[in-house]
Every structure is written in C-alpha cells, then in structure tokens.
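Trainee: Input: one structure, supplied below.
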Amino acid sequence: ANGRVYNSPWVVLMDQPFSPLVKELFEAQHYPDLRTAPNGPPIRPYDVAGWTLPMQMGVEVDAVLQPVAADQRTALRHLEVVTPPAGSVQGTGAAYTLSHKPNASFAAVNDVLAQGGKVAFQHSDGSAVITGLTREQLSRVAATHSAVFAAAPKLADALTVSAKPRVGLYRAWVANIDEGWTRWILADYSFAPVTLRNGDIQAGHLRDHFDAIILPDSMPKPMTDGFAPGTVPGLYAGGIGDSGIESLREFVGAGGTLIALNNASLFAINALSLPVTNILGALNNDQFYCSGSLLRIELKEPAHPALWGLPPEPIVMFERGPAFETKAGFRGNVLATYPKDRNPLASGYLLHPEQIQGKAAALEVFYGSGRVYLFGFRPQWRGQSHGGYKFVFNAIYDSPAVSKPTAPSAVPADVITPEISKIHTALSALLDQNRAFFSAKGAKAIEEKAKLNAAVDQFQRDTVPVQPSVLSTAPFTAQLRKLSEDLRTKEFDASQTTGDLLEKYGLARTELDIYKSVPKN
C-alpha cells in the first residue's frame, strides 16, 4: 500500500460506522480561520485545538487512500484481544543490554534496581547495561515489561553508573490536575514518587532525601502564595513561600535536579534567579496565542542524556506555556528549539508562529553543583503524550547524584584569576574568625562574635558584589551570600577547608567553569 511494504501493521478499516471517530483521533486537526469581519481579528479557540493521538504517542500512522483489495482483506486477522509483546532474554553472559527507546525500558530499569541489580548507561545511545541479576530474575523482568535483554559480549568503555533515583513531586494544596497526571505516570513506571507538600519543602534538607524534584505545570503565584489565610483552614493556607524557595535553592546548589514543567518553569526562573527569559511573557493574545496544540521541536543536543531515545523532531503539547531565551551568564545546554525556518504547528491552532520560531523549548541550566530542567511544554500531557515521557524520565535519571559525574576539581593555584583569589582569601579569613568565636568562652566569645559579625558584613559589602564577569551570575552570588550567613551563625568542623566549603555550597563548579573560560597564554 502507498507504494511500500508494511511489516505486521495494524489496519483500521474505514468502511465502518466509527470511521469518523478514527479520523477525529488519528488525523491532524486544522482549526479554521474564523473572523467576525472580513478584516477583523481571528476568532481564537478557547481550549485545546490539536490532540492527534499518533503524534502524541510517537506512533507512525499512514492513510491508505486506495480501496483495500479482496486479497488484502483475506490476509487480515481480526484482533479480538491485544496482547503485549513477549519479553525475552537473548544469549548468555555476565551483562545484558536494554534499548533506551521503549518507554517500558524505564520501568524495567527501575525493577532491576529494586531487585538489587546494577545498571549503567552507554553514552552513545543510552542503552542500559544490566548486571547483578540471575537469568531467572531477568526473565521475570522481561515478561513483566515486554523488555528484550541481549547478552553483551563486550562492555563499552563510556558508561555512567546509576542508582535508583529518589524522586519528589511537589503537590500544592491548591488543586492541580497536572500533578495528578504526573504522579500517576511516575507510579505506573515504578519511579515511586514521594509527595512533597509546602511544609516538606520548607523543612529543608531536601538533598538528604531526593535526587530529583518535579514541579508540575502551574503559574508561579499559586505555588508561592497558595490559598490566602482565612479562606481555608490554617493547615492548608499559604504556598512554598520564601523559606521553601531557599530550600529549593539549597537543594539544587548541593547537587540536586529540579524539573519544571510548562509554566512551573517561570517559578523556577524567578526563584533561582536563572539567566533565562520567557520571550512570550510580554505578548498579548493578539500577538501570540496557542491554547493547546501539538508543535514540532528540534533536538539541539541529540547525544545529551536528557534526550536519549527521542526522535530528532519530537511533537509536544504546547498549552499556554513559555518559550525561552538565554541571557548573559547562562551556563547549561539548549536541549530543543522550535524550527527556525518553518511553522512549528503540527496539529491545532497557532497564532503568530514567528514569535517562537528558533526559540528554545527546553533548557538545562546549571546551578551550583546541580541543574534545573526547564520544559516550555507538558511532556506528559493528560497521560496521553507517551512520545514525550522520556523528557521527564531522562531528566530524573540524569540527576548528578545518580549519574555520578566527575566532581569539579580545584582551580590550579598558579592560574587562578584575581577575582577568585580575592574570594578565597576573604572566605579563609571568615572561616578562621568563625572558629575563633565558637572556641571562645565568656567575655571573649562576645568580643569574637562582634568581630565575626563585622567580618561577615564587610564580606557581603565588599566581596559578594563581584566585578562584572561570569562570577556575577545571581546563583553564584546567592550561594556566596548564603555561605557567609552560615559562617556567621553555624559552627563548622575544624577539619573543613575553604575548598570544602566551596564544594559544599556549589561554588567550586562555577569557579572551574571560569578557569576554563579564561584565555590561556
């Protein structure tokens, strides 16, 4: 059919009463150009205008326009029951590989780790390398998840070892349907997400318990403020608040991964002062409008672990979300953009596509020792966008604590920049004064406390506002200020060095990046 051979296809015959429903679900939607007057503005759809299921699910569907011949009908077999493909374990050996392309591979990997197996990912394509389970155990995993494990005769050199990621999912008291869909999908794929309420985030120490925290789609205000006091019982009033924001900063700065979906990206940008702009923020509905349609994006870093297993041009659900531009001081990766030279619309309605053409749809932003993933769309929209699940799943498994990246080494002392040298000298003096105070007694302690307060005030006045450079990014200065405040009030172990503090507060990685960016003679 269509001049090609289809191997084992599923065929939906259209000479049946439900053929209009098939067209409704399988064909691209084209919202009409309706106007109240010949030269008037277009009448915009108020809700989702494109929902083509094959596009959402990454399934290839072709329309056969020629009549189905009698011999073709005879060869068709009626599907009474759909049976999942049988899993298998092929070959024998100490290690087995598993393709990264099926969504079910994530559930299989989580199952392997839950049973005590070990998992590594090959850098070339993200294929999982499984060790530590018996063939019988692996056979059960294969049968459960329709997974195909193939014996690996030789392991690749470039492997990233992984542990079971500890996932937290923010759940506001203000009802959020996207949180429910996200929680259901994560549970269905055996990620076992832990619900985080406002108080859980405000309590801090998030890095001790989580590798990745997901913020489902929400505008920033319901997240920060929640219900107003007096409108609900006190337990349910308020939002994340300033203390919760500070806890999230500490979590990411210490190596955690924050994953923000759709408009939750705006919260993350503001809360962590990320050098990113939402280019749609100042536009009104006449200048740009997309209430819910399927848009095509282009992967910019196909080999990035956050994009393993995805096609070069995924189709995603854009629903009144942001589009990004990076600003000075940005550190990270542009993962995906909207096509620059063509309309991104695949199904639905998009007014003024030129506003987002060539703009970023997904970013990875480095922050301290961790990272923030910003997705300007809903990868898991209503549990239907199976083709976009990997954006979330990969981000979870790419969290620094799980993938164990190479730790940032210290900047060589003989090539250190004057600005970094100034910070190191000042922090070393603060650390000495901190120990002088906490080791003093009586009147001497009062005297040393006054010296410590004066030293911290001077540090924040003279050293924290660093000269314009990559050092002057908001995340770096925020962590520097946080460290100085902790030196004012907290006792530090006598064995800790200035380098230890820089590493603990996520400052060493930024300094290393600065060193790499300095022209070498």
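Trainee: Which of the numbered conditions does GLU298 fail, given that it passes all the others? Conditions: (1) at positive phi; (2) open to solvent by 10 Å² or more (accessible area, probe 1.4 Å); (3) at pLDDT 95 or above; (4) of a type outside the set (S, T, N, Q).
Mentor: (1)
Trainee: How many residues does the range 361-383 contain that are within 30 Å of ALA478 (Cα to Cα) and open to solvent by 10 Å² or more (accessible area, probe 1.4 Å)?
Mentor: 4
Trainee: Every residue in the range 238-268 that is outside any helix (DSSP H, G or I), open to solvent by 10 Å² or more (accessible area, probe 1.4 Å) and hydrophobic (A, V, I, L, M, F, W, C), please.
Mentor: If the condition is that a residue be outside any helix (DSSP H, G or I), open to solvent by 10 Å² or more (accessible area, probe 1.4 Å) and hydrophobic (A, V, I, L, M, F, W, C), then ALA254 is the only one that fits.
Trainee: So, one more: For the range 376-396, what are the residues that are in contact with an Asp or Glu (Cβ under 9 Å, 6 or more places away or on another chain) and of a type in the set (Phe, Trp, Tyr)?
Mentor: Answer for the range 376-396, where residues must be in contact with an Asp or Glu (Cβ under 9 Å, 6 or more places away or on another chain) and of a type in the set (Phe, Trp, Tyr): PHE377, TRP381.
Trainee: Determine, yes or no, whether LYS154 is open to solvent by 40 Å² or more (accessible area, probe 1.4 Å), without any contact (Cβ under 8 Å) to a residue 12 or more places away in the chain and either out of contact with any His (no Cβ under 6 Å at 6 or more places or on another chain) or more than 30 Å from ASP125 (Cβ to Cβ) (or both).
Mentor: yes
Yes/no per residue for (1) open to solvent by 30 Å² or more (accessible area, probe 1.4 Å); (2) modelled with pLDDT of 95 or more; (3) closer than 20 Å to ALA395 by Cα:
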{"position": "ALA306", "(1), (2), (3)": "no, no, yes"}
{"position": "GLY321", "(1), (2), (3)": "no, yes, yes"}
{"position": "ALA346", "(1), (2), (3)": "no, yes, no"}
{"position": "GLN355", "(1), (2), (3)": "yes, yes, no"}
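Trainee: I would also like to ask the following. Suppose we filter SER105, SER190 for residues that are of a type outside the set (A, V, I, L, M, F, W, C), closer than 27 Å to GLY58 by Cβ, outside any loop (DSSP other than H, G, I, E, B) and within 19 Å of the chain's Cα centre (by Cα); which single one remains?
Mentor: SER105
Trainee: Do you know which residues across the range 117-138 are farther than 14 Å from LYS164 by Cβ and in a strand (DSSP E or B)?
Mentor: GLN122, VAL129, THR131
Trainee: Also: Could you run through the range 117-145 and say how many residues are among the small types (Gly, Ala, Ser), open to solvent by 30 Å² or more (accessible area, probe 1.4 Å) and more than 28 Å from PHE210 (Cβ to Cβ)?
Mentor: 3
Trainee: Is it the case that the range 213-221 has a residue that's under 28 Å from ASN262 (Cβ atoms), part of a helix (DSSP H, G or I) and among the β-branched types (Val, Ile, Thr)?
Mentor: no
Trainee: Now a separate question. Within the range 437-463, take every residue that is of a type in the set (S, T, N, Q) and within 19 Å of ALA426 (Cβ to Cβ) and give me the one that is surrounded by the most Cβ atoms within 10 Å (Cβ to Cβ).
Mentor: So the residue we want is THR463.
Trainee: Test of understanding: among VAL148, VAL161, which residue is open to solvent by 20 Å² or more (accessible area, probe 1.4 Å), of a type outside the set (D, E, K, R) and at pLDDT 95 or above?
Mentor: VAL148
Trainee: Still on this structure: Quickly run through the range 285-308 and pick out the residues that are under 19 Å from the mean Cα position of the chain (by Cα) and either assigned to a loop (DSSP other than H, G, I, E, B) or under 18 Å from ARG371 (Cβ atoms) (or both).
Mentor: ILE297, LEU299, LYS300, GLU301, PRO302, ALA303, HIS304, PRO305, ALA306, LEU307, TRP308
Trainee: Assess whether ALA86 counts as being among the hydrophobic types (A, V, I, L, M, F, W, C), under 30 Å from GLY383 (Cα atoms) and surrounded by fewer than 20 Cβ atoms within 10 Å (Cβ to Cβ).
Mentor: So ALA86 fits the description; yes.
Trainee: What number of residues within the range 49-66 are in a loop (DSSP other than H, G, I, E, B) and open to solvent by less than 30 Å² (accessible area, probe 1.4 Å)?
Mentor: Here the count works out to 3.
Trainee: Sticking with this one: Check the range 67-80 and report whether any residue there is farther than 25 Å from MET317 by Cβ, part of a loop (DSSP other than H, G, I, E, B) and either acidic (Asp, Glu) or under 35 Å from the mean Cα position of the chain (by Cα) (or both).
Mentor: For the range 67-80, residues farther than 25 Å from MET317 by Cβ, part of a loop (DSSP other than H, G, I, E, B) and either acidic (Asp, Glu) or under 35 Å from the mean Cα position of the chain (by Cα) (or both): present.
Trainee: For the range 174-209, which positions are of a type in the set (Phe, Trp, Tyr) and buried (at least 21 other Cβ atoms within 10 Å of the Cβ)?
Mentor: TYR189, PHE191
Trainee: Anything in the range 5-48 that is closer than 30 Å to ALA75 by Cα, open to solvent by less than 100 Å² (accessible area, probe 1.4 Å) and assigned to a loop (DSSP other than H, G, I, E, B)? List them, or say none.
Mentor: Correct list: TYR6, PRO9, VAL11, VAL12, LEU13, MET14, GLN16, GLU27, ALA28.
Trainee: Which one of these does TYR96 not meet: (1) open to solvent by 70 Å² or more (accessible area, probe 1.4 Å); (2) in contact with a strand residue (DSSP E or B) (Cβ under 6 Å, 6 or more places away or on another chain); (3) within 30 Å of ARG166 (Cβ to Cβ)?
Mentor: (1)
Trainee: Could you check how many residues of the range 213-252 are small (Gly, Ala, Ser) and within 21 Å of PRO322 (Cβ to Cβ)?
Mentor: Adding up the residues that qualify gives 2.
The values are calculated or read from the model by the stated rules, or taken from the named source; none is laboratory data. Computed from a predicted structure; not experimentally measured. Backbone-built Cβ (ideal geometry, glycine too); neighbour counts: all protein chains shown. In case anyone asks, the SASA skips ligands and DNA or RNA and just uses the protein heavy atoms, side chains included. Shrake-Rupley method; radii C 1.70, N 1.55, O 1.52, S 1.80 Å.
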